[in-house]
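Working notes, beginning with the structure itself.
The values are calculated or read from the model by the stated rules, or taken from the named source; none is laboratory data. These numbers were taken from a predicted model, which means no experiment stands behind them. In this analysis, Cβ positions are derived from the backbone assuming ideal geometry, glycine residues included, and neighbour counts consider all displayed protein chains.
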Amino acid sequence: MVDLTRKFDVLVIGGGNAALCAAISARRAGASVLVLEGAPKFYRGGNTRHTRNMRCAHDAATDILTGPYTEQEFWEDLLRVTGGQTDEELARFMIRESKDILNWIVEQGVRWQPSLGGTLSLGRTNSFFLGGGRAMLNALYLTAEQLGVEIIYDAEVLDLEIDDGMFLSADLRRTDGRVNVTASTLVAAAGGFEANIDWLKQYWGEAADNFLIRGTPYNRGSILRMLLGKGVQEVGDPTQCHAVAIDARAPKFDGGIITRLDCVVFGVVVNTQAARFYDEGEDIWPKRYAIWGRLVAAQPDQIAYIIFDSTVLNSFMPSLFPPIAAGSIAELASKFDLDPAALEKTIGDFNAAVRPGTFDHTVLDDCRTEGLTPPKTHWARRIETPPYYAYPVRPGITFTYLGTRVNRQARMLMKDGNAAVNMFAAGEIMAGNVLGKGYAAGIGMTIGSVFGRIAGREAAQHARN
Amino acid sequence: MHGTRILEEADRLMTVCNSCRYCEGLCAVFPAMEMRRSFSDGDLNYLANLCHSCGACYTDCQFSPPHEFNVNVPKTLAIARADSYAAYTWPRVFSGVFARNGLVVSIVLALSVAAFIFGFAAFNDRQVLFGVHTGPGSFYKLMPHNAMAALFGAAFLYAIVALAMGVRAFWRDIGEPIGTLAGPNSLWQAMKDAGQLRYLDGGGVGCVNEDERPNDRRKIYHHFTFYGFILCFASTTVATLYHYLIAREAPYPWWDLPVVLGTLGGIGLLIGPAGLLAERWKRDPDLVDQTRTGMDVAFIVMLFLTSLTGMALLLWRDTAAMGPLLALHLGVVFSLFITMPYGKFVHGIYRYVALVRYARERQMMGHGT
């Protein structure tokens, strides 16, 4: 049993990548550390459980990375996906720090492997965790335990006592009521609020009922809400999140990677009116992978259907549920309550607009439509070889961007612009500082590890002084 | 769709895993899976026998129970694997033996030991059985060498034939051409992979056993067991060659090759099985096919007893205990041979040939090693 009557140097709230990096780095700097993970042990680690890689800058190829990925290139990628909605100073700082994380995280027991089958396009930029995100977490927890970090699971924090930018204590729910935990510093690494449907509804309305949450059901944003309610400065657009189109048959929470569909570019996407609504061939996977969640969220009933034919069935990564098959377009439509005539017309119009070209899904090829609105600008091929297939898709929310503003020390900033005395934040709870919108594969883990490590170090130093 | 419910479950899991692939760096099973989009019974039996049951994929899996996707690859493949042993059994009438292996082993053991003692008594009078015999040929005062060689040769030959027929059934089931087993590159690669237990290490950090902390204990104990077994086998082979080629008769002095090999192997076969049993005892029940505990344990115990009786014979061969100890040792060895095709021993054979196929598939896919 952890002695909760003592005062810890560093209290870490959360249990994912950012929290553990903070806990380990604080402990290594000599601080006593208590980690409060809200989930039970099996579900520990929040969305980190579902991750698989991290994007770090590096100047030369490594054992597992095929070539250099410079700070400048990383920055340009970030600038492009966010459309400039990022804090340049903080982002460049994070990118610089990410270089060292490649080694530091290995010293904490995490193991790398080359990019997984089906993800070769990330082979140069992203380092993959051997065994995936839960393997990474297991390694971090093992290291933290060996270093003497105290960890409590099922540890729901009910309230934070904060006075004028100074953290004093946290109230922890116990079976017999609540217990007050004191610490010299706080590291908030408790994730976003994507699993809190009611909170999502504040920004999305009833549409949020049709969202699927790809990760942990424990990210309800309670810590974030407490902090914002006690004077911490907010950052990020509350409607912004990393959302992809995932199989509509996925469970409401925690379906993870296996419900994602990589096949948009191989077919067309229609809504409940059996109408197309966006250029499926706009850009290459995975660059445009992340836009489809928001696109589907904007459609009626937040559902859409990816339609393709038998010629491309094995062209993309398999997923958990098989596609729905039918011998004709009309039959396929009837399986989803779509108007058969409308879908036949949409597919017919599309097929008629397809121009001849040389198909190559690895580049922006010359297979495109002409005279069609919206167009399909690449990889457009006729859908004409039965059986026909469809995947129903819904928005799958991965993580949210609304967070607490921080500085380079990962120290929270208060609404008055002053830095908090002893409060730090890392991970998804402050991702919005760097990621105003959009997404680049593996960047969530970069944010978590870089700012987690810094937050732990800074908190330990503050506690010692 | 599939022949059994466990293969249905294995198919479901491989569909989940093929959509995820986070575990592809952990062992051979997942890369082999990725070469396929759908899975026949034979494919699943191949994957089941390729799995070394290191448990890493279970501990690393975000979808393992209590998650609703309920992904437990080690346990599912362990059950499918044991089912496949029974399905490939030759002759077919013995396929039920796997299920009762723990019991069968003890009965066969007891019967054969009894038969030996009875046989000795019939061949020789009691005085010979409990007398003190020393010097070359003293073992054969109890049982003539040719009788011993014929009996064990026959048992060994039978085991070889039964195992070969099992491999033939496995090879047909997975739909692999016979030519693969003649490819030197694949054979050699598989020998290296098996010899170092390359896939019993969770992708580099070791097996998981009782909790999420990986370690190398099972691998090390397996090495003790396997190489101990090989050394003992080498000892017997050298002794046979001595006997027939240079007419040098057992028992041999302590410094002679058969005794040195046998002693080293015997030590391995004491430490290894004891360690494996201890690890088996601690192992997270979620990772094992609990209905087959008898089969697993019986084989480990038999190996241990083989060594224990052999070492006892070595220590007390110059005393009146030699007769009964020799009878006991030969009884255990005989029982080990005769039950080999119907127990846990076959895991090594099927896993090896599964590794041969994997090596060939990798070569065909243009991968290195």
Please identify the pairs in which a residue from the range B:235-246 that is in the same structural domain as residue B:263 (by TED's automatic domain parsing) has its Cβ atom under 7 Å from the Cβ atom of a residue that is of a type in the set (A, V, I, L, M, F, W, C) and crowded, with 16+ Cβ neighbours inside 10 Å, counting only partners at least 6 apart or on another chain.
B:235/B:261; B:238/B:261; B:239/B:250
Residue B:152 passes all but one of (1) modelled with pLDDT of 95 or more; (2) of a type outside the set (Gly, Ala, Ser); (3) surrounded by fewer than 19 Cβ atoms within 10 Å (Cβ to Cβ); (4) over 27 Å from residue A:135 (Cβ atoms); which number fails?
(1)
Determine whether the range B:41-52 contains at least one residue that is small (Gly, Ala, Ser) and either away from every other protein chain (no Cβ under 14 Å) or not in a loop (DSSP other than H, G, I, E, B) (or both).
yes
From the list A:134, A:178, exactly one residue is basic (Lys, Arg) and touching a residue at least 60 places away in the same chain (Cβ under 8 Å). Which is it?
A:134
Would you say residue B:255 is farther than 23 Å from residue B:152 by Cα, of a type outside the set (A, V, I, L, M), without any contact (Cβ under 8 Å) to a residue 60 or more places away in the chain and assigned to a loop (DSSP other than H, G, I, E, B)?
yes
Got at least one residue in the range B:282-291 being crowded, with 17+ Cβ neighbours inside 10 Å and in a helix (DSSP H, G or I)?
yes
In the range A:291-319, what residues are in contact with an Asp or Glu (Cβ under 7 Å, 6 or more places away or on another chain) and modelled with pLDDT under 95?
A:316, A:317, A:319
Out of the residues in the range A:338-361 meeting the condition of being over 15 Å from residue A:383 (Cα atoms) and in contact with a Ser or Thr (Cβ under 8 Å, 6 or more places away or on another chain), tell me which one is surrounded by the fewest Cβ atoms within 10 Å (Cβ to Cβ).
A:340
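For every residue, the table says whether it meets (1) basic (Lys, Arg); (2) surrounded by fewer than 19 Cβ atoms within 10 Å (Cβ to Cβ); (3) under 18 Å from the mean Cα position of the chain (by Cα); (4) assigned to a strand (DSSP E or B).
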{"site": "A:244", "(1), (2), (3), (4)": "no, no, yes, yes"}
{"site": "A:249", "(1), (2), (3), (4)": "yes, yes, no, no"}
{"site": "A:258", "(1), (2), (3), (4)": "no, no, yes, no"}
{"site": "A:269", "(1), (2), (3), (4)": "no, no, no, yes"}
{"site": "A:274", "(1), (2), (3), (4)": "no, no, no, no"}
{"site": "A:281", "(1), (2), (3), (4)": "no, no, no, no"}
{"site": "A:284", "(1), (2), (3), (4)": "no, yes, no, no"}
{"site": "A:305", "(1), (2), (3), (4)": "no, no, no, yes"}
With (1) away from chain B (no Cβ under 14 Å); (2) within 23 Å of residue A:409 (Cα to Cα); (3) buried (at least 19 other Cβ atoms within 10 Å of the Cβ) as the list, and residue A:65 as the residue in question, which single condition is left unmet?
(2)
Being within 14 Å of chain B (Cβ to nearest Cβ) and either basic (Lys, Arg) or in contact with a Ser or Thr (Cβ under 8 Å, 6 or more places away or on another chain) (or both) is the filter here, so list the residues in the range A:77-112 that pass it.
A:108, A:109, A:111, A:112
Failed condition for residue B:30, given (1) in contact with a helix residue (DSSP H, G or I) (Cβ under 8 Å, 6 or more places away or on another chain); (2) more than 14 Å from every other protein chain (Cβ to nearest Cβ); (3) assigned to a helix (DSSP H, G or I), with all others met?
(2)
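Here is a yes/no grid of residues against (1) among the polar types (S, T, N, Q); (2) assigned to a helix (DSSP H, G or I); (3) in the same structural domain as residue B:27 (by TED's automatic domain parsing); (4) buried (at least 19 other Cβ atoms within 10 Å of the Cβ):
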position: B:185; (1), (2), (3), (4): yes, yes, no, no
position: B:188; (1), (2), (3), (4): no, yes, no, no
position: B:192; (1), (2), (3), (4): no, yes, no, no
position: B:198; (1), (2), (3), (4): no, no, no, no
position: B:205; (1), (2), (3), (4): no, no, no, yes
position: B:210; (1), (2), (3), (4): no, no, no, no
Filter result for the condition that a residue is within 23 Å of residue B:86 (Cβ to Cβ) and among the basic types (Lys, Arg), over B:168, B:218
B:168
Of the residues that make up the range B:2-22, is at least one surrounded by fewer than 24 Cβ atoms within 10 Å (Cβ to Cβ), assigned to a loop (DSSP other than H, G, I, E, B), touching a residue at least 60 places away in the same chain (Cβ under 8 Å) and within 10 Å of chain A (Cβ to nearest Cβ)?
no
With touching a Ser or Thr at 6+ places or on another chain (Cβ under 8 Å) and assigned by TED's automatic domain parsing to the domain that holds residue A:373 as the only criterion, which of A:270, A:264 stands out?
A:270
Checking residue A:220 against (1) at pLDDT 95 or above; (2) surrounded by 22 or more Cβ atoms within 10 Å (Cβ to Cβ), only one condition comes out false. Which one?
(2)
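Here's a check for you: in the range A:1-43, which residue that is closer than 24 Å to residue A:255 by Cα and aromatic (Phe, Trp, Tyr) is surrounded by the most Cβ atoms within 10 Å (Cβ to Cβ)?
A:43
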For the range A:113-135, which residues satisfy the criterion of being touching a helix residue (DSSP H, G or I) at 6+ places or on another chain (Cβ under 7 Å) and facing another protein chain (nearest Cβ under 9 Å)?
A:117, A:129, A:131, A:132, A:133, A:134, A:135
When the residues of the range A:44-60 are narrowed to those that are assigned to a loop (DSSP other than H, G, I, E, B) and of a type in the set (Gly, Ala, Ser), which ends up surrounded by the most Cβ atoms within 10 Å (Cβ to Cβ)?
A:45
In the range A:183-212, how many are more than 23 Å from residue A:249 (Cβ to Cβ) and assigned to a strand (DSSP E or B)?
6
Checking residue A:399 against (1) hydrophobic (A, V, I, L, M, F, W, C); (2) under 20 Å from residue A:223 (Cβ atoms); (3) in contact with a Lys or Arg (Cβ under 7 Å, 6 or more places away or on another chain); (4) modelled with pLDDT under 95, which test does it fail?
(3)
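Suppose we filter the range B:319-342 for residues that are part of a loop (DSSP other than H, G, I, E, B) and either modelled with pLDDT of 90 or more or β-branched (Val, Ile, Thr) (or both); how many remain?
Residues flagged as part of a loop (DSSP other than H, G, I, E, B) and either modelled with pLDDT of 90 or more or β-branched (Val, Ile, Thr) (or both) within the range B:319-342 amount to 1.
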Here is a list: A:1, A:54. Which entry is closer than 20 Å to residue A:111 by Cα and of a type in the set (A, V, I, L, M)?
A:54
How many residues of the range B:55-92 are closer than 26 Å to residue B:170 by Cβ, within 13 Å of chain A (Cβ to nearest Cβ), in a helix (DSSP H, G or I) and touching a helix residue (DSSP H, G or I) at 6+ places or on another chain (Cβ under 6 Å)? The answer is 3
